[in-house]
Amino acid sequence: MAWIKLDPITSRRLQRFRKIKRGYYSLLILLAATILSVFAPFLAESRALLVIYNGKLYFPTFEYYTADTFGQNPPAGWTTSDLETEYLRLKHEWQAERFLYARDTSQAGLDPARHARLAAKYPDRNNYVVMPPIPWDPYQSDFWYNEILNDIQVLLNSGDRTSAERMALRDHLDELARDIHTGAIDAILRDPRRSVTGDLNGLAHGGTMPSLSALGKVPPTAPDLLRQHYLGTDAQGRDVASRLLYGFRISIFFALILTFVSQVLGTIVGSLQGYLAGRFDIISQRVIEILVSIPFLYVVIILAALITPTFLILVLIMAIFQWIDITFYMRTEMYREKTREYCLAAKSYGASHLRIVFRHLLPNCLTPLVTFTPFAMVAAIFTLTALDYLGYGLPAPTPSWGQLIDQALQPENRDKLWLTFAPFGAITITLLLVVFIGESVREAFDPKQYSKYE
């Protein structure tokens, strides 16, 4: 037995929508993206999905583990009980240990004693970390590009070449690790043609070691597959792809909630205006005219100065104004439809006003609703992006497309094309999908195709 029984007209409308491929596939893509955004903590997060440590399974997504849980050394000035495990660094450390173990084992021959010493030297070689596809949360800053060479230089200055090599291997600086292992790094740094300053930063800026050319720089940094910044970082070193994903989740649910609330409220008010007319229509129209005359942006600025705008507060503020537009169209439709014979017949049979409006008239007044709802969603996304860009939207550091656009348009970042293309591309694709869906829904649900007079 079916849970939902559709009438024949609705079934034919849905079948017609499925035949309009651009709208149907746009709906599937947008639904898939929305569902994926719900599970964003499993797609873009600095915590590991799974850690296999000494034969035991750990799930850091659901539980907090300090650095000493997995034997990770903390940064200088911290103790292991003070901070959470850095899972991406832990993954790279264990990968480097497996590489060193394999290299040293191949040089150990068949000597069982040497193999035993190597097994004790590399105890974490059989441990693994499974990270999300984007191993960065939207609030995490990554200053690795500006710090890694300084960290390795400190180890070289102290004479700890083993740790310096492991750090270089950990972060996939294979060319530098090889030169440290062979001892060639000393001659390279003494050569003023390769390093003017005689250190690793000079080597990176000199360009004679191509694998270091992206280092020694401050954010924003360009896309980097090895570091898994697929769309680069912003001015605070935060991953752009992660912030785009979380920003999409905020934008799409903001638009869905706001559009649903405003369209439902506007449809009810507009339908009652057109059907009841008279005093109710006159009074409600005067109220609407007062609301229309209020400058929306000024209201937001004043409220943002008084209170911190949260997600729900912004939805509430915008819903106060957004429901008005659809009332004009629904009012006009109701004025026209209530003069039809089927409405007069329903009145003669004693049907209540609410039944006549919502059961008989409204199904034949859906053309403006299905036509303008997609544009209402587009307007909601645009408005939230604009408010975030102006600084009156969601408070920092909430991931938002408007904040990314603001960074991209700063004079010092205008040559950072990834900061421009990422948010503008995300907005363009999202709005195109919404418009295609709306256009197809309007065509499929057009009452001129299937009218419902009853």
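The values are calculated or read from the model by the stated rules, or taken from the named source; none is laboratory data. Not measured: the values here are computed from a predicted model. We place every Cβ from the backbone using ideal geometry, glycine too, and count neighbours over all the protein chains shown. Just the protein is used for accessible areas: all its heavy atoms, side chains included, with ligands, DNA and RNA removed. Shrake-Rupley method; radii C 1.70, N 1.55, O 1.52, S 1.80 Å.
Some values worked out for this structure:
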{"read-out": "Arg331 accessible area, assembled protein chains, probe 1.4 Å, Å²", "value": "60 Å²"}
{"read-out": "Exposure rank, largest accessible area first [Lys19, Lys338, Lys121; 1.4 Å]", "value": "Lys19, Lys121, Lys338"}
{"read-out": "With all protein chains modelled, accessible area of Ser251 [1.4 Å, Å²]", "value": "10 Å²"}
{"read-out": "Degrees between helix 144-157 axis and first principal axis of the chain (Cα, 0 to 90, nearest 10)", "value": "10 degrees"}
{"read-out": "Relative counts (whole %) of C-alpha pair distances in the chain, using bins that are 20 Å wide", "value": "19, 39, 25, 13, 3, 0"}
{"read-out": "Solvent accessible area, Å² - Leu118, 1.4 Å probe, full protein context", "value": "20 Å²"}
{"read-out": "Loop-located GluC sites (Glu not before Pro) in the stretch 15-118, at most 10 other Cβ atoms within 10 Å (DSSP)", "value": "Glu63"}
{"read-out": "Share of carbon and sulfur in the accessible heavy-atom surface of the chain [1.4 Å probe, %]", "value": "64 percent"}
{"read-out": "Computed log₁₀ I(q)/I(0) - Debye formula, equal Cα scatterers, no solvent, the stretch 183-283, q 0.15, 0.20 Å⁻¹", "value": "-0.79, -0.99"}
{"read-out": "Largest-first ordering by accessible area, 1.4 Å probe, given options Glu341, Glu333", "value": "Glu341, Glu333"}
{"read-out": "Solvent exposure ordering (accessible area, 1.4 Å, most first) of Arg359, Arg117", "value": "Arg117, Arg359"}
{"read-out": "Entries of Lys19/Lys347; Lys19/Lys338; Lys91/Lys121; Lys121/Lys217 with Cα pairs more than 27 Å apart", "value": "Lys19/Lys347; Lys19/Lys338; Lys121/Lys217"}
{"read-out": "The chain: angle of helix 161-170 to the longest principal axis, Cα-based, in degrees nearest 10", "value": "30 degrees"}
{"read-out": "Over the chain: helical MRE at 222 nm, DSSP H runs n ≥ 4 each giving -39500 (n - 2.57), nearest 500", "value": "-19000 deg cm²/dmol"}
